[in-house]
Amino acid sequence: MTRASLPSRRLNETTAFSCAGILYTVTIGFYPDGRPGEVFADGARTGSMTDAVLDDACIALSLLLQFGVEPAALVHSMGRSGDGRTPASVIGALADLLAEARHGG
């Protein structure tokens, strides 16, 4: 597999979402064809373990996208709560957002 680097200047969208009662801000960067290629998230207390885990998760999700993993495959790999629909963690919620994301392209 080859990593598809994003252009230095790229379109992105920032939005807010809530997971387990915590408000997060997420920015998704896009390839020129509209596919998501990176994700950044904020919301955990700065300097906390949760903040560090969230940063690492965003790096891992971004690399998976850049190596060609489809966002839908990420969604199907993440844990779900008892209802089978709700993400079990903020990382699953990010995967859901990536699967829904598409920019004009």
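The values are calculated or read from the model by the stated rules, or taken from the named source; none is laboratory data. Note that this is a predicted model, so its numbers are computed, not measured. In this analysis, Cβ positions are derived from the backbone assuming ideal geometry, glycine residues included, and neighbour counts consider all displayed protein chains.
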Quiz prompt | Output for the stretch 76-96, where each listed residue is of a type in the set (A, V, I, L, M) and either at pLDDT 95 or above or within 13 Å of Cys19 (Cα to Cα) (or both) | solution = Ala88, Val90, Ile91, Ala93, Leu94, Ala95
Self-check item: Every residue from the stretch 3-34 that is loosely packed, with under 13 Cβ neighbours inside 10 Å, of a type in the set (Ser, Thr, Tyr) and more than 26 Å from Thr50 (Cβ to Cβ)
Solution: Ser5, Ser8
Practice problem: Quick one: in the stretch 35-52, of everything that is touching a Lys or Arg at 6+ places or on another chain (Cβ under 9 Å) and closer than 13 Å to Leu65 by Cβ, which residue is surrounded by the fewest Cβ atoms within 10 Å (Cβ to Cβ)? | Solution: Arg35
Quiz item: Within the stretch 64-73, can one find any residue that is at pLDDT 95 or above, part of a helix (DSSP H, G or I) and crowded, with 19+ Cβ neighbours inside 10 Å?
Solution: yes
Self-check item: Criterion violated by Asp56 - all others in (1) in a loop (DSSP other than H, G, I, E, B); (2) modelled with pLDDT of 95 or more; (3) surrounded by fewer than 13 Cβ atoms within 10 Å (Cβ to Cβ); (4) out of contact with any strand residue (DSSP E or B) (no Cβ under 8 Å at 6 or more places or on another chain) satisfied
Solution: (1)
Quiz item: Which strands (runs of 3 or more DSSP E) sit wholly inside the stretch 1-50 and have at least 2 residues that are touching a residue at least 60 places away in the same chain (Cβ under 8 Å) and within 16 Å of the chain's Cα centre (by Cα)?
Solution: 12-19, 22-30
